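**Student:** Below is one structure. I have some questions about it.
The values are calculated or read from the model by the stated rules, or taken from the named source; none is laboratory data. Source: prediction; values computed, not measured. Every residue, glycine as well, gets a Cβ built from its backbone with ideal geometry; the counts of neighbours run over all protein chains shown. What goes into the accessible areas is simple: the full protein's heavy atoms, side chains included, and nothing from ligands, DNA or RNA. Shrake-Rupley method; radii C 1.70, N 1.55, O 1.52, S 1.80 Å.
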Number of protein chains: 4
Amino acid sequence: MAITARLTAQIDPQSWQHEGLSPFNKFICFAIILSTFMAIVETEPVLTQGYPQVFFWLNILFLVIFSIELLLRIYIAPYSHNHPGINRLRFMISPWTLLDILVLLTFMPVSEDLPLLIIRLIRVFRIIRVSRLTRFNHSLSLLFNSVNKRKTELSISFLIAMVLLLVTSILLYLVEGTSNPESFGSIPRAMWWSIATLTTVGYGDVTPLSPIGKFCAGITALIGIGIVAMPTGILAAAFSEAYQQAKEEKIHHN
Amino acid sequence: MAITARLTAQIDPQSWQHEGLSPFNKFICFAIILSTFMAIVETEPVLTQGYPQVFFWLNILFLVIFSIELLLRIYIAPYSHNHPGINRLRFMISPWTLLDILVLLTFMPVSEDLPLLIIRLIRVFRIIRVSRLTRFNHSLSLLFNSVNKRKTELSISFLIAMVLLLVTSILLYLVEGTSNPESFGSIPRAMWWSIATLTTVGYGDVTPLSPIGKFCAGITALIGIGIVAMPTGILAAAFSEAYQQAKEEKIHHN
Amino acid sequence: MAITARLTAQIDPQSWQHEGLSPFNKFICFAIILSTFMAIVETEPVLTQGYPQVFFWLNILFLVIFSIELLLRIYIAPYSHNHPGINRLRFMISPWTLLDILVLLTFMPVSEDLPLLIIRLIRVFRIIRVSRLTRFNHSLSLLFNSVNKRKTELSISFLIAMVLLLVTSILLYLVEGTSNPESFGSIPRAMWWSIATLTTVGYGDVTPLSPIGKFCAGITALIGIGIVAMPTGILAAAFSEAYQQAKEEKIHHN
Amino acid sequence: MAITARLTAQIDPQSWQHEGLSPFNKFICFAIILSTFMAIVETEPVLTQGYPQVFFWLNILFLVIFSIELLLRIYIAPYSHNHPGINRLRFMISPWTLLDILVLLTFMPVSEDLPLLIIRLIRVFRIIRVSRLTRFNHSLSLLFNSVNKRKTELSISFLIAMVLLLVTSILLYLVEGTSNPESFGSIPRAMWWSIATLTTVGYGDVTPLSPIGKFCAGITALIGIGIVAMPTGILAAAFSEAYQQAKEEKIHHN
């Protein structure tokens, strides 16, 4: 019984009495990040060539680690604080557990004879594992609350951005459409340039060539500052308010 | 009479008792966005080729929908809360209604024999429809008020940006004008580079080549951070103040 | 005497009883901006070719306008609020008046036989006229005060940016210096890339080619967000404080 | 004894009674910056060719200056406020002093026969000198404290950025991977594009070519605004709070 209690404390985050994560969950987090990193690297032939064996055996290793983890979670399920008194069988067919089993399948060696897109999709699916990290995370709520509270203002600033995107695209389409049809010959083409300019990304693969087109582009770039400044200002004010409120609540408690 | 009252509630936003928009107006909003999207896509030959019939019939469909909407608005005009007791004829010759009629005309099939620019201008005009969406929107005022209150500060930061644009353009014109005349041979040409750098867009179609030119460009890029930071800071402070004020007013009311 | 008083009110900003600028000063401001715009356009051969006469006569026109303005200012000098009881001769040899005379000289027709750089420098000098606009401007002080108060924090964030610029340049110099000597073969060359990346300008004329170089560049780009965020946050807080203070002072006055 | 006291006041920052740095330390700071600047310039053959003697003798000069400084610091060690009553020998073997001696070694003339990478590493090491500047700096703490207090929020916004980087890379890898393998053929390659877009750097060396790829890239660029806005907003709120607190503490003191 003592061993089961110890295991539960290690594996179930809610049963862990100390701050942060237990050593076992820290190790699992680390393994998730590492296997995600591996799945990313695996897609690049330049990085994998010459080491096919390494990736094969690492996949087997992760398969073993995550299988043991899953079995342990099933074993301690009835003692967990998260879902007290649950049947082990019921836990096994719960959506999260089924997802974990599905994730485990992605570590199975993939036949290279499958069509390229299928292999690609399977590889991508492996990266979903990382989503399990969010289960451990609670602090996200403060940030999301601040953003959520200003949803209306943020949507409006998004709407303004969309209208300006439309207006500047049409402008450049009219001004440069005839002389530069490859880049500005239609509104969707002009929008590709406009979005790169308004977000201040500025790839430079498409730029206006005529003096009047450059003048309009310059004004678009200036408008872009406003489009970046608007949501930044809204978020800054929202965070400021959230901290202020948290401080006031702390004073009232004392 | 009951049908007229129901129709008025559906069509006239002010007569709608519930929150948000009535199903009828939601549908019209959706149709406006869809027809705008179609007008954008229509300008791109790559996307339209092979489907000329689809766009032709969609145009007819939108013509029918917006015609019925207009007729209904004219019918319920005397019962509307927006302009109570108005004559139907008077409503028909009001500016907004005339604009709606004008917009309807843009859905008429356009002869491809017209010169390209005329077709283009007509297509663009169709997108003005989207402006009708703003009629339904009231929340914009809070954001615009905050921006309006800081009009002086924002204009000054714009003025500072203009002066810096001028100074950096002149600098690069003097430094690179002789060795790189294609890109920096005149102040307007240098301004094209300078505006892309100060707004941190950075197309890269024009860059200084000499060491001293690159040194000046580096300083310009650093100044660009300030030009982005200034209006962002002003807006953040303005939004912060507006929220603070709204909160204080709420406390005073209780 | 009545005419002198009226002239003084029109010409001397401090003697003008109403809000804003007097019609005379508005006209002069407009003329300064227009002549600056002309001086910019004049440097671009594409825009001036075919109209040499237009620019010649516009220069003469501005010469006449600003000469009359200067004579009127000298005439009303003794009645001005700005420097009461000043001698007209003394006013003529004051630094601002001498600068005005110097500016007038730049409107004289320039011989095209002069070496190109001299013509360029003279043209550039003409643009100094615009600096006279600042004499009319008083609202700048609030913005500058806020910036000035946070001088220490802004300098430190500038210093941090400089250190990061150095560190990332050295990193890329070590990583890409041998394989890509044209772009990263020395620290100054790497700095050109690094400043474009850290300020998020991103010209794209110089980019790392090796995987490890791209990895380091990605981290540099992420650091760039911080370098933009730091001064923006400092300025936002400074403006927020300045508005708060102005509001509190207003409450204390009532 | 009087000379020793004067020397201590000049050399030891804590013994200096007046504000700022003593003339001696100001000179040393200036020499550190100058020698760093020289070490940077030295790596660029375009700037050094023709002046090999200048750089050789400047290195000797800095060697002499920093040697004298080190000897003086060792001499006044027992009288310093920083480590009172310390033995001169003990001071010599303290880590900071050993680093100073190591730095002095980097000024020794480097043989050009050494392999290029070794020379490069030695040159880079010279720049570590600049780190000594931080010893004189105390104001950094306020900024670092503000950043440190919001460590959790900043890490979360970093995590969100990482997740979005992953998601957008995978998206573009799936959409453009087959048609544009050079740029998007693997997730690491797509990440190079994605990081340049999300940070709004936008080199433009890699851009999607297909319409659907450009659509996804446009959305990525819009998300990039949020990734820049998030930390900026958090920092703005943190600085705002720090200033508020400093002001309140000042009021309580009075």
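**Student:** Scan the range A:67-107 for residues that are farther than 17 Å from A:W16 by Cα, surrounded by 16 or more Cβ atoms within 10 Å (Cβ to Cβ) and at pLDDT 85 or above and report the count.
**Tutor:** Matching residues across the range A:67-107 total 1.
**Student:** If you don't mind, there's one more thing I want to ask. For residues that are open to solvent by 70 Å² or more (accessible area, probe 1.4 Å) and in contact (Cβ under 8 Å) with a residue 40 or more places away in the chain, tally how many sit in the range A:1-59.
**Tutor:** Of the residues in that region, 3 qualify.
**Student:** Another one. Looking for whichever is loosely packed, with under 12 Cβ neighbours inside 10 Å and modelled with pLDDT under 80 here; the options are D:I118, D:I122, D:I127. Which one fits?
**Tutor:** Residue meeting the stated conditions: D:I118.
**Student:** If you don't mind, there's one more thing I want to ask. All but one of (1) surrounded by fewer than 24 Cβ atoms within 10 Å (Cβ to Cβ); (2) at the interface with another protein chain (Cβ under 7 Å from one of its Cβ atoms); (3) in contact (Cβ under 8 Å) with a residue 24 or more places away in the chain hold for D:G224; which doesn't?
**Tutor:** (1)
**Student:** In the range D:167-198, what residues are within 28 Å of the chain's Cα centre (by Cα) and of a type outside the set (S, T, N, Q)?
**Tutor:** Correct list: D:P188, D:M191, D:W192, D:W193, D:I195, D:A196, D:L198.
**Student:** For the range D:199-221, which positions are hydrophobic (A, V, I, L, M, F, W, C), in contact with a helix residue (DSSP H, G or I) (Cβ under 6 Å, 6 or more places away or on another chain) and part of a helix (DSSP H, G or I)?
**Tutor:** Those that are hydrophobic (A, V, I, L, M, F, W, C), in contact with a helix residue (DSSP H, G or I) (Cβ under 6 Å, 6 or more places away or on another chain) and part of a helix (DSSP H, G or I): D:I212, D:C216, D:A221.
**Student:** Could you list all residues from the range B:167-198 that are assigned to a loop (DSSP other than H, G, I, E, B), more than 9 Å from chain C (Cβ to nearest Cβ) and open to solvent by less than 50 Å² (accessible area, probe 1.4 Å)?
**Tutor:** Residues of the range B:167-198 that are assigned to a loop (DSSP other than H, G, I, E, B), as a first pass: B:177-180, B:185-186.
So of that shortlist, the ones also more than 9 Å from chain C (Cβ to nearest Cβ) come out as B:179-180.
Scanning the range B:167-198 gives a single hit, B:N180.
**Student:** Now for a separate question. Say whether the condition of being at pLDDT below 60 and touching a helix residue (DSSP H, G or I) at 6+ places or on another chain (Cβ under 9 Å) is met by at least one residue in the range D:138-148.
**Tutor:** yes
**Student:** Continuing with the same structure: Please determine, by comparing only the residues of the range A:15-53 that are under 23 Å from A:L71 (Cα atoms) and of a type in the set (F, W, Y), which one is modelled with the lowest pLDDT.
**Tutor:** Per the criteria, the residue is A:W16.
**Student:** Are any residues in the range A:231-254 open to solvent by 30 Å² or more (accessible area, probe 1.4 Å) and at pLDDT 85 or above, and if so, which ones?
**Tutor:** none
**Student:** Considering only the range A:153-163, I want to know if a residue exists there that is aromatic (F, W, Y), more than 21 Å from A:F215 (Cα to Cα) and in the same structural domain as A:A246 (by TED's automatic domain parsing).
**Tutor:** Taking every residue of the range A:153-163 in turn, at least one turns out to be aromatic (F, W, Y), more than 21 Å from A:F215 (Cα to Cα) and in the same structural domain as A:A246 (by TED's automatic domain parsing).
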